[in-house]
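Derivation of every value follows stated rules applied to the coordinates shown; laboratory data play no part. Just so it is clear, the model here is predicted, and its values are computed rather than measured. We place every Cβ from the backbone using ideal geometry, glycine too, and count neighbours over all the protein chains shown.
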Amino acid sequence: MMAPAAVGETLLKSADYEVYVRGADSATAERQMELTLPMVPDIEIAAARAAGNLARELGMASESIDEMAHAMIEACINAAEHSDSPDRRIYQRFAIETDRITITVTNKGKAIGSQNGEASKLAAGSLKGARGRGLKIIRALMDEVMFEPTDDGTSLVMTKILKRPQDGDE
């Protein structure tokens with residue numbers, strides 16, 4: 001098992017990019033971890049690895065870890081393929097509460113739903129096409145899923161309830 005990266009530590013490094021961990025942790029503040037990922041091939045694997053490491057550190061059941069990691073992969077692929085992001089970055093924030101992890105995946109670029117009611121169709125899961133299974137997969141794996149428009153793009157907010165092995169998840 002790979003140990004979680006410490007705040008300020010390099011999580012992943014290649015010839016093309018580096019991924020760092022920023023975060024806060026105190027007795028009174030919500031615990032958070034933020035990642036900024038470049039839109040390069042296979043970066044969704046780094047996102048899934050970060051989510052999995054964080055979930056393991058919190059004692060989440062392995063089935064829930066796998067579900068959350070798979071949802072992260074789908075969210076990153078969607079952000080990279082559909083945003084037309086000018087900065088070619090995916091911004092992620094993991095907010096840890098007592099009973100849940102909320103993951104916000106944000107891109108800067110084309111706002112989802114900016115034309116023809118696409119946001120309401122997307123929220124309802126009714127967009128049709130040859131592809132489009134990513135959001136259905138995310139909804140099946142996460143406990144709560146919603147979109148939030150931002151000033152310069154879109155955020156996908158996903159929540160996973162912390163099921164621990166003693167909760168009967170394994």
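Annotations
- Which of 64, 45, 92, positive extreme of dipole for the range 31-118 (C-beta unit charges): 92
- Pairwise FRET efficiency - residue 45 versus residue 95, Cβ, R0 = 25 Å, nearest 0.05: 0.65
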